[in-house]
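Scroll down for the structure; my scribbles are underneath it.
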Amino acid sequence: MPREAEPSLNEKAFFLQALQDGHRLDGRKFEQFRQLDLQFGDQYGVADVTLGKTRVLAKVSAEVTVPYPDRPFDGIFTITTELSPMASPAFEVNRPTEQEVLLSRLLEKTVRRSNALDTESLCLIAGQKVWSIRVDLHVLSHDGNLMDASCLAVVAALRHFRKPDTSMEGETLTIYTPAEREPVPLSWLHTPLCITFSFYGDEGEMTLVDTTLLEEQLKVSSCTISLNKHGEICQVAKLGGTPVDAVSLVQCASIALQKVKELSTLLDQKLAEDSKRRNKGGLLAELSAENAR
């Protein structure tokens, strides 16, 4: 299996010395994110997140299907990740790496198990027909911190998505096209986002957020905290590496809350801008255009 090129001993020594002197190689502060850009596509449910040189695209789709027998009143929600060789030479087609599996699991825990999406609202006919919501996540460029960028892309795409409106008459289910009825947004309960911390030094005493690929390769440990802007923690994932004391984790949690509030504000602002762009001229302009035709 191909692997990323390992940093040389000189690079490692230089990087660690710079950290001890209070500097990062790209000039950022220890708790500073790279330049973040969030764009929505022409279709509903497409979100493109660029974080430095890391770029992730999320696309949401919906179809009517049969529910699971043990959950007849719940819709189906799945996240599919694709890490292609285009993003990094270390990824292979149809051969999931450990990183890809961890990414899928952490996203699943953050969005699905925290009940951010109300799956009961996706039920159409109990035990017979439900909406199946699927998020396809494509990593276009990998330069570190895939977790945070992917989580933001998935949440943004889900909040941006609109599913076709439906109605029930007796036993007959009618699904309307966008031309017949305005599509409706998903029932969204809260907005969980991920913040990943990387630890450096013999005892993990130095902490960085939003690491580049080089910084990720030299970390001794990492921790991902998922929470919403109200401070409700959805999960804390620390997968091996050097042990970190409780005080450091509490400090990380407070930094994560501050960063999540900033990301939530950005997301709300971008959604409002996109809604305004789509509704240019408002409903009256749309109706007058229909009459003109």
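For the residue pair MET86 and ARG113, what label-to-label distance in nm results when each label sits 7 Å from Cα along the Cα-to-beta-carbon direction?
3.1
Carbon-plus-sulfur fraction of the accessible area of the range 152-215, 1.4 Å probe, in percent?
Ligands and nucleic acids excluded, carbon and sulfur give 48 percent.
Which residue fluctuates the most in the chain, going by a Gaussian network model with Cα springs under 10 Å, if the choices are ALA253, ALA179, ALA62?
The residue with the greatest mean-square fluctuation here is ALA179.
Using unit Cβ charges (K, R positive; D, E negative) and no other charged atoms, how large, in debye to the nearest 20, is the dipole of the range 28-282 about its Cα centre?
Roughly 460 debye for the range 28-282.
On each of the three principal axes of the Cα atoms of the range 29-83, give max minus min coordinate, whole Å, ordered largest first.
51, 30, 20
So which residue, out of GLY75, GLY240, GLY41, gets the largest mean-square fluctuation from a GNM of the chain using Cα contacts under 10 Å as springs?
Top of the fluctuation ranking is GLY240.
Under a 1.4 Å probe, what is the accessible area of the chain per residue, stated in Å²?
54
Just in the range 159-236: which trypsin sites (Lys or Arg not before Pro) are loop by DSSP and have at most 15 other Cβ atoms within 10 Å?
ARG181
Which of these, ALA58, ALA126, ALA149, has the largest mean-square fluctuation under a Gaussian network model of the chain (Cα springs below 10 Å)?
ALA126
How tilted is helix 98-107 with respect to the longest principal axis of the chain? Cα atoms for both, answer in degrees (0 to 90, nearest 10).
Helix 98-107 and the main axis of the chain meet at about 50 degrees.
Just flag the trypsin sites (Lys or Arg not before Pro) in the range 55-138 sitting in loop per DSSP whose Cβ has no more than 16 other Cβ atoms within 10 Å.
Passing sites in the range 55-138 are ARG113.
Can you give the alpha-carbon Rg of the range 168-275 over 2.2 N^0.38 Å, where N counts its residues?
So the Cα radius of gyration is 1.56 times the expected 2.2 N^0.38 Å.
Explain nothing, just compute: Karplus ³J(HN,Hα) = 6.51 cos²θ - 1.76 cosθ + 1.60, θ = phi - 60°, for every residue of the range 239-250 in order, whole Hz, x for Gly and Pro.
9, x, x, 5, x, 10, 6, 5, 4, 5, 5, 5
Would you calculate the separation in nanometres between label points at GLN39 and GLU232, each defined as 7 Å from the Cα along the Cα-to-beta-carbon direction?
So the label points at GLN39 and GLU232 sit 3.4 nm apart.
Could you check the simple spin-label distance between LEU16 and ASP202, using points 7 Å along Cα→Cβ, in nm with one decimal?
Once both label points are built, they end up 1.0 nm from each other.
For LEU189 and ASN94 in the same chain, what is the full-extension length gain: residue separation times 0.36 nm, less their Cα-Cα distance, in nm?
The LEU189-ASN94 span can extend by a further 30.8 nm.
What share of all Cα pairs of the range 1-101, in percent, falls into each consecutive 10 Å distance bin?
Final binned percentages: 11, 24, 32, 21, 8, 5.
Quick one: what Rg and Dmax do you get for the range 44-144 from the alpha carbons, in Å?
15.6, 46
Can you classify the range 135-188 as rounded, prolate or oblate using the Cα gyration tensor, where a ≥ b ≥ c are the square roots of its eigenvalues, rounded means a/c under 1.5, and otherwise it's prolate if a/b beats b/c and oblate if not?
Here the range 135-188 falls in the prolate category.
Suppose only helical runs count, i.e. DSSP H with n ≥ 4. What mean residue ellipticity at 222 nm does that imply for the chain under -39500 (n - 2.57) per run, divided by all residues and rounded to the nearest 500 deg cm²/dmol?
Rounded to the nearest 500, it is -9500 deg cm²/dmol.
Work out how much length LEU102 to ILE175 would gain on full extension: take 0.36 nm times their residue separation and subtract the Cα-Cα distance, in nm to one decimal.
Difference between extended and current length: 22.6 nm.
The chain: Rg/Rh from Cα coordinates, Kirkwood Rh?
1.03
If exposed means no more than 16 neighbouring beta carbons inside 10 Å and the site is in a DSSP loop, what's the longest run of the chain without any exposed GluC sites (Glu not before Pro)?
No qualifying site falls inside 32-170, the longest such stretch.
Per 0.36 nm of contour for each residue apart, how much would the distance between GLN128 and ASP165 grow if the chain were fully extended, relative to their Cα-Cα spacing?
Fully extending the segment from GLN128 to ASP165 adds 11.5 nm.
Name the lysines eligible as straight-distance cross-link partners of LYS259: C-alpha to C-alpha under 22 Å, and not fewer than 8 places from it in the same chain.
LYS29, LYS53, LYS109, LYS219, LYS229, LYS238, LYS270
To the nearest 10 Å², what's MET86's accessible area with a 1.4 Å probe?
Solvent-accessible area, nearest 10 Å²: 130 Å².
The values are calculated or read from the model by the stated rules, or taken from the named source; none is laboratory data. Owing to the predicted nature of the structure, the values given are computational and were not obtained by experimental measurement. Every residue, glycine as well, gets a Cβ built from its backbone with ideal geometry; the counts of neighbours run over all protein chains shown. With ligands, DNA and RNA removed, areas are computed over all heavy atoms of the protein, side chains included. Shrake-Rupley method; radii C 1.70, N 1.55, O 1.52, S 1.80 Å.
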